[in-house]
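Asker: So that we are looking at the same thing, I have put the structure below in structure tokens.
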Amino acid sequence: MNIIAILLPDQVFYKAEPVRELAQALTDQGYHIVYPTGSQYLLTLLEQNPRIAGIIFDWEQYGMDLCLAIDEINEYLPLYAFISTHSVLDVSANEMRMALYFFEYGLNAAVDISQRIRQRFSP
């Protein structure tokens with residue numbers, strides 16, 4: 001069973017609802033979802049549980065700092081960042097080597113996003 005960790009965004013409807021829909025779509029595909037209560041708890045969870053197969057988070061809330069911290073633990077772990085239309089991406093060429101994928105917040109996109117995440121795990 002693949003485990004996906006989701007750092008929930010601030011409780012703003014346009015962010016919370018798409019993430020909730022995605023969690024349901026991933027659960028329907030057989031993923032187990034865990035909800036760390038913050039970035040420090042997530043990092044501890046990653047150090048203690050090698051079965052975590054991906055992280056979903058809000059780019060505006062956590063950004064590159066979280067990605068770099070996760071990269072120190074597992075440089076191959078896929079990271080899925082939700083962004084808004086007006087998000088600013090300040091990423092260097094060296095940081096582009098990370099397994100970092102972006103999705104825009106939007107309702108009714110959860111099935112498509114979950115299928116793309118599933119494809120990343122398929123050989």
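The values are calculated or read from the model by the stated rules, or taken from the named source; none is laboratory data. A quick note: this is a predicted structure, and the numbers were derived from the prediction, not measured. For neighbour counting, all protein chains shown are included, and Cβ atoms are generated from backbone atoms with ideal geometry for every residue, glycine included. To get the accessible areas, we keep the full protein, side chains included, count just its heavy atoms, and leave off ligands, DNA and RNA. Shrake-Rupley method; radii C 1.70, N 1.55, O 1.52, S 1.80 Å.
Asker: Suppose we filter segment 1-13 for residues that are in contact (Cβ under 8 Å) with a residue 24 or more places away in the chain and either open to solvent by less than 20 Å² (accessible area, probe 1.4 Å) or not acidic (Asp, Glu) (or both); how many remain?
Answerer: Count: 9.
Asker: Looking at Ala25, Ala16 in this structure, which one is in contact (Cβ under 8 Å) with a residue 40 or more places away in the chain, under 23 Å from Ser84 (Cα atoms) and more than 12 Å from the chain's Cα centre (by Cα)?
Answerer: Of the residues listed, the single one that is in contact (Cβ under 8 Å) with a residue 40 or more places away in the chain, under 23 Å from Ser84 (Cα atoms) and more than 12 Å from the chain's Cα centre (by Cα) is Ala25.
Asker: Out of all the residues in segment 28-40, which are assigned to a helix (DSSP H, G or I) and surrounded by fewer than 14 Cβ atoms within 10 Å (Cβ to Cβ)?
Answerer: Within segment 28-40, Asp28, Gln40 qualify.
Asker: For Gly106, are the conditions met, namely being surrounded by fewer than 19 Cβ atoms within 10 Å (Cβ to Cβ) and either β-branched (Val, Ile, Thr) or modelled with pLDDT under 90 (or both)?
Answerer: Judged against the criteria, Gly106 is a match.
Asker: Which of the residues belonging to segment 41-60 are assigned to a helix (DSSP H, G or I) and under 12 Å from the mean Cα position of the chain (by Cα)?
Answerer: Once the filter is applied, which keeps residues that are assigned to a helix (DSSP H, G or I) and under 12 Å from the mean Cα position of the chain (by Cα), segment 41-60 yields Leu42, Trp59.
Asker: Which ones in segment 41-75 are polar (S, T, N, Q) and modelled with pLDDT of 95 or more?
Answerer: If the condition is that a residue be polar (S, T, N, Q) and modelled with pLDDT of 95 or more, then Thr44 is the only one that fits.
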